[in-house]
1. Pick from the range B:71-85 the residues that are closer than 19 Å to B:Leu34 by Cα and of a type outside the set (D, E, K, R): which of them is surrounded by the fewest Cβ atoms within 10 Å (Cβ to Cβ)?
2. Going by what's in this entry, would A:Gly138 be described as surrounded by fewer than 12 Cβ atoms within 10 Å (Cβ to Cβ) and either among the small types (Gly, Ala, Ser) or under 13 Å from the mean Cα position of the chain (by Cα) (or both)?
3. Do any residues in the range B:84-108 that are more than 7 Å from chain A (Cβ to nearest Cβ) have Cβ atoms under 8 Å from those of residues that are of a type in the set (Val, Ile, Thr), where the two are at least six apart or on different chains, and which pairs are they?
4. Might you check whether a residue that is farther than 23 Å from A:Arg15 by Cα, outside any loop (DSSP other than H, G, I, E, B) and modelled with pLDDT of 90 or more occurs anywhere in the range B:102-117?
5. Would you please name the residue that is farthest from the other protein chains (Cβ to nearest Cβ), looking only at residues in the range A:37-61 that are in a loop (DSSP other than H, G, I, E, B) and touching a Lys or Arg at 6+ places or on another chain (Cβ under 9 Å)?
6. If the requirement is being crowded, with 21+ Cβ neighbours inside 10 Å, within 14 Å of another protein chain (Cβ to nearest Cβ), under 29 Å from A:Thr142 (Cβ atoms) and at pLDDT 95 or above, which of these qualifies: A:Val65, A:Val19?
7. Working only within the range B:73-106, note down all residues that are outside the structural domain of B:Arg135 (by TED's automatic domain parsing) and over 23 Å from B:Ala16 (Cα atoms).
8. Of (1) under 15 Å from the mean Cα position of the chain (by Cα); (2) away from every other protein chain (no Cβ under 12 Å), A:Val114 satisfies all except one. Which?
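The values are calculated or read from the model by the stated rules, or taken from the named source; none is laboratory data. In this text the structure is predicted, and so the values were computed from the model without any measurement. With ideal geometry, Cβ positions are generated from the backbone for all residues, glycine too; neighbour counts draw on all protein chains shown.
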2 protein chains.
Amino acid sequence: MLNRTYDGQRCSIARALEVVGERWSLLIIRDVFLGVRRFDDLQQSLGITRSVLSTRLGCLTEAGVLERKLYQTKPDRYEYVPTRQGLDLWPVLMQLLKWGDRYYADADGPPRIVEHTGCGGRMDADLCCDKCGVRLHGRMTTTYLNKPKPAVAES
Amino acid sequence: MLNRTYDGQRCSIARALEVVGERWSLLIIRDVFLGVRRFDDLQQSLGITRSVLSTRLGCLTEAGVLERKLYQTKPDRYEYVPTRQGLDLWPVLMQLLKWGDRYYADADGPPRIVEHTGCGGRMDADLCCDKCGVRLHGRMTTTYLNKPKPAVAES
């Protein structure tokens, strides 16, 4: 996918980065996890060119991270869903999110809350539920935007 | 660091990727974790141009992920050490390593073994020690190359 100038390196991090080692790939996977799965929706969400998106989706599909699924015929339309290999990137993205939360959050707190569905606890730094302690995985969680508190209206 | 076309996105993953969202940055941080901290050593290990390495090191230092430390005078020579913010990327890299191990390892197994120093257990998929169960962090571990078994010599 990326040019493999470090082919000689025997390292799983290097090999993983050949597939997901540029920001658009990881942001596409983030969106797919959040349920944004159609080409036009991804393009709008990411604000990238159709050409870049098309290339990245092709690479991620070829690498076995995403899978194209028909959701409409006449004309045929596809959406991109994560494979098992794609779902296994969830802890990578969540650790990146936690790091971003720690160092780049606004005064309003983290932009997105990851909640243990049905329990109401939140994901802690070790990707466990801070209420019941269970190890979280993607399908056990609900993610929503942390809305900044509205300014108090003048009366 | 990267151009910020998604500045409008309120998302910790997007913000984190502005700092570490390209493969060289993460591979530099990997090497620094492994103890490769001097410019010439990093260049040799990564096989990239001095110019790209210099730019990336500058960005990572400016972002507060790495810190330049004088290790020799006449002439002055610096090495790059991780800050607290840099050390906090350890779980991101380890989850990426685990994903790479799962999907891109050779028949010989994972290229690198991450061991709980003093205990001898290995890091599991949840970044815990598979022997004593403790949650692992960078400084508690020793990493070494998993040497492929030599072919049996003909007698």
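1. First, pick out the residues of the range B:71-85 that are closer than 19 Å to B:Leu34 by Cα: B:71, B:78-85.
Applying the additional criterion that residues be of a type outside the set (D, E, K, R) yields B:71, B:78, B:80-83, B:85.
On the way: B:Tyr71: 12, B:Tyr78: 16, B:Tyr80: 22, B:Val81: 14, B:Pro82: 19, B:Thr83: 14, B:Gln85: 17.
This residue is B:Tyr71.
2. Numbers: surrounded by fewer than 12 Cβ atoms within 10 Å (Cβ to Cβ): no; either among the small types (Gly, Ala, Ser) or under 13 Å from the mean Cα position of the chain (by Cα) (or both): yes.
Considered against the rule, which asks whether it is surrounded by fewer than 12 Cβ atoms within 10 Å (Cβ to Cβ) and either among the small types (Gly, Ala, Ser) or under 13 Å from the mean Cα position of the chain (by Cα) (or both), A:Gly138 comes out as no.
3. Hits for this filter: B:Gly86/B:Ile29; B:Gly86/B:Val32; B:Gly86/B:Val65; B:Met94/B:Val114.
4. Within the range B:102-117, one or more residues are farther than 23 Å from A:Arg15 by Cα, outside any loop (DSSP other than H, G, I, E, B) and modelled with pLDDT of 90 or more.
5. Going through the range A:37-61, the residues in a loop (DSSP other than H, G, I, E, B) turn out to be A:37, A:47-49.
Pick out the ones that are also touching a Lys or Arg at 6+ places or on another chain (Cβ under 9 Å) and you get A:37, A:48.
Working: A:Arg37: 17, A:Ile48: 7 Å.
That would be A:Arg37.
6. It is A:Val65.
7. B:Thr73, B:Lys74, B:Pro75, B:Asp76, B:Arg77, B:Tyr78, B:Glu79
8. (2)
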